[in-house]
1. Do we find a residue being within 14 Å of chain B (Cβ to nearest Cβ) and either more than 18 Å from A:MET217 (Cβ to Cβ) or at pLDDT 95 or above (or both) anywhere in the stretch A:281-290?
2. Here are some residues: A:LYS173, A:LYS134. Which one is outside any helix (DSSP H, G or I) and in contact (Cβ under 8 Å) with a residue 40 or more places away in the chain?
3. Go through the stretch A:96-108 and give me each residue that's over 36 Å from the mean Cα position of the chain (by Cα) and within 19 Å of A:LYS121 (Cα to Cα).
4. Which ones in the stretch B:323-367 are among the polar types (S, T, N, Q) and either more than 19 Å from B:ALA185 (Cβ to Cβ) or part of a loop (DSSP other than H, G, I, E, B) (or both)?
5. Any chance you could count how many residues in the stretch A:312-371 are within 14 Å of another protein chain (Cβ to nearest Cβ) and among the acidic types (Asp, Glu)?
6. Restricted to the stretch B:136-164, and to residues that are more than 8 Å from chain A (Cβ to nearest Cβ) and of a type in the set (Asp, Glu), which residue is nearest to B:VAL104 (Cα to Cα)?
7. Consider A:LEU221 against the criteria (1) closer than 30 Å to A:GLU292 by Cβ; (2) under 21 Å from the mean Cα position of the chain (by Cα); (3) open to solvent by 70 Å² or more (accessible area, probe 1.4 Å); (4) not aromatic (Phe, Trp, Tyr): it satisfies all of them except one. Which criterion is unmet?
8. Determine which single condition A:LYS24 fails, assuming it passes every other condition in (1) open to solvent by less than 30 Å² (accessible area, probe 1.4 Å); (2) at pLDDT below 85.
Amino acid sequence: MPSAADVAYYLFHISELRAIIQWKTWHNPVHERDESKEGPDLKECFRFLNLTSRSFAAVIQELHPELLVPVCLFYLCLRGLDTIEDDMTIDIAQKEPLLRQFHEHLEDETWNFDGNGPNEKDRELLVKFEVVAKEFNKVKEEYRVIIADITKRMGNGMADYAKNADQNANGVKTIKDYELYCHYVAGLVGEGLTRLFVEAKLANPALLQRPELMESMGQLLQQTNIIRDIREDHDDKRYFWPKEVWSKYVNKFDELFLPENQEKALQCSSEMVLIALNRADECLFYMAGIKEQSVFNFVAIPQSMAMATLELCFQNPTLFERNIKITKGTACQLMTESTQNLQLVCDVFRRYARKIHRKNNPSDPHFLDISIACGKIERFIEGIFPTQTPRVLPPGAEQTVAQDSEEEAKRKADQAEAKQDVLYIGIAIAVTLAIISAVMIGAAWFFGARFDLAFAELKKGNLKPPKESGVLENIASAYDAQGHNEL
Amino acid sequence: MIALPSMPPAHVLVTGGSGFLGAAIVKALLDRHPDWTITVLDIHAPSEDILRRNSSFVEADVTSSSSINAAFSKIQPDLVMHCAGIVPARRHRYSTNQKQWEKVKTINYQGTKNVLNAALASGCRKFVYTSSCTVVIDDLAHDYFNMNEKTPLGHATLHYGKSKGMAEQYVLSHEHAEKGLQACALRPCTIIGPGDTAVISLIHDLIAKGETYFIIGDGDNLYDFIYIDNAVVAHVLAIENMLTTATAAGEAFFISNEEPVYFWDFFAYLWAQFGHVPRFRVKIPMAVAWVAGLAAEVVTYFTGAAATVDRGSVWDAVRTQYSDNSKARDILGYRPKIGLAEGVRRSCADYKDYLARQANVDSNETA
């Protein structure tokens, strides 16, 4: 049931309500799961998917049949790792080997784990992890290799991070560390997915030759989440904003949340947004390499959401007070726009780049760099979808010889003539106005208007006619009386 | 810049070598190639510290062919770097005055002809010309997104772009290539940097005039700028290319900071360097501004005073123009080394010093 607040909100944001209705009514999945062909274990896997993921469950289930199950299992494997990493009740001595060896259990149809704390929300997945292994063993070997490789590398990355007690206590130090962390938890997912897409022949193999593109896909998403979750993470004593950034603005991380430091905190968040924003053009480049519609939707929706979230966080002091997120109406609008073609997604990126540009504050130390980052997005889009307006030189425009030729002299003469015409028209208008004015003033005078009185009053500095009735007559008679006296 | 394998000593003549860009090129050449001989050709003498180094000075005026021929009779440079020129500033940029055009054309076009002809006569066969992106954009009528060297030129109507375009076409003409001339042209966009008093001052002056509260158009138009050091890098690379492989011969290259930025943000950032952040900024539709510009022109026509706004500056302020530097990257190996934000900060710091010095001079004079 929608709450009263929701109803009130959408009454005043009709376009957002329209976006929600439009999405619910008109969105047709490119592919749909065929549940009749699914065994009980696979059904259980999809149940876990729906249980553990809010944002990815829907798009995964609309994927091309070739990748539907592999991507679902890939997600569950990584979610399993994440559930161990996140659980602060597991001792590091137990956690580290668990993370490092997790990939070895993927084919073991008996392995499961019930060591998670009772409050860990996704503990059920690990308790019944054998269903994932059973389904995992059924997918093509090429896909299994990719999933196991990424799970292994991510597990090791998480173990390194968890073991680094110093980092846990004080948070991430340098921007390089921050990006390395994002690489382990998101960049690797980008790599795994890209390899799956290419293996299934649903994406351009050239994407594997440009690893920085898939890296940027993961980085933009993860960095955006880290920026948005600053308050929540701070309350949970998790620190992902690198010290290299925040130490420029405050001495202690906590001070970012003090109301008196609002300006500093906003400057700090601007720098974080800037780092993320610089990845946006590579994400568009990546999406240009996707060949299949359901895969495109799968990658484009989270990217559009990330751009909108970055814009929401930018120059927004609420970021430090509570958890903020884009409205459902905006989300539906973005989903509609992100499930069609690259050009529409480019439009979304440009729209949010310009919104960020408009919110940009010249007092911010990163003002120009943010402006340049937005410009970089616009410029990239211009490269694939050139602007076509009357203000752009037509494609057939020819090179001419720049010179001071006779032809140009003729053109100048024409211009001069045109100028003279304008002058004559001007004079004609002025003369007409003068005649009309003369006639009107003359007529007024003829019927007895007292211009002499008006001028005399103006000379005294009375610019407005007197308001009180009777004053006018007094003035008139006073002037007339003067005249009589002289006689 | 990557150090090139040792190059044989060369003699390079830099025209306009005492100017903003020319002096920086001379200095970079002296730093990078201590064994080269650099000759500065200018109407003003270069600074002392340049003269003390491996350089000499020839006083000559590019607008006078006899002066230039006389200068070349004494020297045989391996390469001529032709930087000398005039940039009509402020209201002169949009001038349609015939006398003003003759002046600009004489310096930028006739001057280039004089230098090139004298160089050819002296036996020099290598020529680098500082052109300008305005050879394309000075038609004021169009937006140029990602323009490159295939974008046609010859449509420029403003004096500067037209004169530079005429000169560029003269330099790169087949007729000269057939005579054995190897020439290339660089087309920098608006250059900023320490020592520049044209661009920074123009924008800075708007603070005192109270004209920082307006944005003409939607404010979404992107614009190219280049920091002086990057322009110098491109010139040095072009000179080195012409003296070695000469793969750049016959070519023109756009050069910029490769960081197109919202035109009005550039202004705001520059003002912020002087501690001025407008409390609000009103967006004025283009059409309204154009009429206001026309009105201002009419007023200044009668009063003779200089206006900040006219129809030309309105067109300049609402349009988009930035270039694609791929060709300069591929052939010259050009990469901007100083970011634009850093460039603006350095330029403004220098301009602040300049203003402080001026204030000192003024107070000393009154005292």
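1. Keep residues of the stretch A:281-290 that are within 14 Å of chain B (Cβ to nearest Cβ), which gives A:281.
Retained after the next criterion (residues that are either more than 18 Å from A:MET217 (Cβ to Cβ) or at pLDDT 95 or above (or both)): A:281.
Yes, the conditions are met somewhere in the stretch A:281-290.
2. The unique qualifying residue is A:LYS173.
3. A:LEU98
4. Of all residues in the stretch B:323-367, those among the polar types (S, T, N, Q) come to B:323, B:325-326, B:347, B:358, B:360, B:363-364, B:366.
The answer is B:ASN325, B:SER347, B:GLN358, B:ASN360, B:SER363, B:ASN364, B:THR366.
5. Of the residues in the stretch A:312-371, 3 are within 14 Å of another protein chain (Cβ to nearest Cβ) and among the acidic types (Asp, Glu).
6. Going through the qualifying residues, I end up with B:ASP138.
7. Going through (1) closer than 30 Å to A:GLU292 by Cβ; (2) under 21 Å from the mean Cα position of the chain (by Cα); (3) open to solvent by 70 Å² or more (accessible area, probe 1.4 Å); (4) not aromatic (Phe, Trp, Tyr) one by one, A:LEU221 breaks only (3).
8. Failed condition: (1).
The values are calculated or read from the model by the stated rules, or taken from the named source; none is laboratory data. Given the structure is predicted, the values throughout are model-derived calculations rather than measurements. Ideal geometry is used to build each Cβ from the backbone, glycine not excepted, and the neighbour counts take in all protein chains shown. Calculation scope for accessible area: heavy atoms of the full protein, side chains included, ligands and nucleic acids excluded. Shrake-Rupley method; radii C 1.70, N 1.55, O 1.52, S 1.80 Å.
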